[in-house]
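Every number here is computed from the coordinates shown, using simple stated rules; none is lab data. From a predicted model like this one, the values you see are computed outputs, not experimental measurements.
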Amino acid sequence: MHRLLEGYARFRRNVFPQWKAHFHLLADSQQPDVLFITCADSRVVPDLILQTEPGDMFLCRAVGNIVPPHGAMPGGISSTIEYAVEVLHVRHIIVCGHSDCGAIRAVLPPDPPDSPNPDPRDHRNLAARLPLTAQWLGYVEPAWKYLPPGVSPADTRTFHTALVRANVIAQLENLKTHPEVARALAHNALQVHGWYYDILTGAIDAYDQQDRRFLPLEDWAAANAQPQAPNA
Ligand SMILES: [Zn+2]
């Protein structure tokens, strides 16, 4: 807590004065172009990774960057999406998963009891210990059908990464079941994107929805470049 109080004092003293004009513009309204949905993980810091500023992105964070399908669990995620699309008219929704995601690890099969290197963070008996989390992680279930063929559970790290990526695809599909999202997509007023962020390297991969594979974000952007208007 001490660290937070110190940070707040620094913010008021050194940072806020530099941002005063920016916040003045934002004080009464916001017009973010993007809704960014990601995990609650402390290591995923969207404004740092994307160098965005206050007012740029509407944020929605939940364990496992899960988006329950429409009607399954009306709540904070659904209302955030509804508000972003219907009121803020965001042009993009990004669902971003990340490496070493504990939520996805929790749905992996546990290490066998005789495993030489059991993962100390293995979440056994999840339903008994964390009943709400177990229920929430039920929404990861559709991810299994998006796992690429040939990924072996024996290679734990690769399998984990593959399931995080598959979960991004599954949550993108859930996102599209929300009527306001489906409507905006049909009117070409919205694009949805699936990303994977690697904590170790800082690299982002983007899901190419046509080719059904993840590409480095730079390559995805080059392949999906929109012609720029003159003098834009
Ligand atoms: Zn996570």
Practice task
Can you tell me how much longer the chain between ASP100 and ALA225 gets when fully stretched, taken as 0.36 nm per residue apart minus their C-alpha distance, in nm with one decimal?
Solution key: 42.0 nm
Problem - Kirkwood Rh (inverse of mean 1/r, distinct Cα pairs), the chain, angstrom - result: 19.6
Practice task
Could you please state, rounded to a whole Å, how far the C-alpha centre of the stretch 1-67 is from the C-alpha centre of the stretch 148-164?
Solution key: 33
Handout entry: the chain: most fluctuating residue of ARG183, ARG13, ARG105 per GNM, C-alpha cutoff 10 Å
Key = ARG13
Practice task
Could you check what % of the DSSP bridge pairs in the chain are antiparallel, to the nearest 5?
Solution key: 30
